[in-house]
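The structure under discussion appears below in the form of structure tokens.
The values are calculated or read from the model by the stated rules, or taken from the named source; none is laboratory data. In this text, all values refer to a predicted model and were calculated from it rather than measured experimentally. Here the Cβ is made from the backbone with ideal geometry for all residues, glycine too, and neighbour counts use every protein chain on show.
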Amino acid sequence: MEMLSKRQREYLDYLEKFSDEHGYPPTYAELAEGLNAGSKAVVAHHLNQLAAKGLLKITPNAARGIKLSSRQGQKVAVSPSNGHIPVSTGRFRVPVVGTIAGGLPLPVLESDFALRSEEFVELTRDVCREEQGLYALHVKGNSMIDALIHDGDVVVMRPAAQAENGEMVAVWLADTGETTLKRFYREGEKGERVRLQPENRDMSPIYVDASRVRVQGRVVAVVRRVA
């Protein structure tokens, strides 16, 4: 490893500590505040130097797009409600039963997911206390990257036929026979329209007649690589 300046070491230490405590990396603004950097431009300068030395990777235009190279390959399940890395208090397995689009909708069978699977993800009860009925899906696409869900991550779902505004859900679209992963919002005086909102500033929402949308499940955990 190349020699680091004192300031670069402070950046690495802060990144590791923040990621350990929260389960996700800090934003540039959080780094600027936590390290008294003065501005996000100063933060970007130091991060670019660390990236040039191979100590981290930066994903452009992502809210939390910093990944420490030393932690590549470490998979952790987190709850989307708090984003914290759990302390293991008991483990169980959840079957991975297919793929869902975190981008453009993907065609799927209209019927319920078949729970026959040879692939599993392991969770702790700090993430999900109740394991009954849970299933997991690979994510394809980056429409949810600002919610820290990237292409190739795995989302753990709990079957649900209804959703509250703002919940992250898998929905089946009757008009196209496709399913997608988005945040769910009812709109209109009588809730007659549904807005499926991506978590990606470069992507537009999908608007669908409420009668043509079927909620299939709610996201209760995400299995991802920790920066």
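At-a-glance table
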item	result
Qualifying residues in segment 66-104 (those that are part of a loop (DSSP other than H, G, I, E, B), among the small types (Gly, Ala, Ser) and more than 12 Å from the chain's Cα centre (by Cα)) - the one modelled with the highest pLDDT	103
Count of segment 194-207 residues which are surrounded by 13 or more Cβ atoms within 10 Å (Cβ to Cβ) and out of contact with any helix residue (DSSP H, G or I) (no Cβ under 6 Å at 6 or more places or on another chain)	7
Residue selected from segment 133-143 under the condition part of a loop (DSSP other than H, G, I, E, B) and closer than 14 Å to residue 221 by Cβ, by the criterion modelled with the lowest pLDDT	133
Hits in segment 47-58 (condition: assigned to a helix (DSSP H, G or I), more than 26 Å from the chain's Cα centre (by Cα) and not aliphatic (A, V, I, L, M))	49
Lone unmet requirement of (1) buried (at least 20 other Cβ atoms within 10 Å of the Cβ); (2) closer than 21 Å to residue 224 by Cα; (3) at pLDDT 85 or above for residue 148	(3)
Count of segment 207-227 residues which are in contact (Cβ under 8 Å) with a residue 40 or more places away in the chain and assigned to a strand (DSSP E or B)	13
Tally of residues being touching a Leu at 6+ places or on another chain (Cβ under 8 Å) and β-branched (Val, Ile, Thr) across segment 1-51	1
Residue count for segment 18-38, restricted to those that are at pLDDT 85 or above and either part of a helix (DSSP H, G or I) or at positive phi (or both)	8
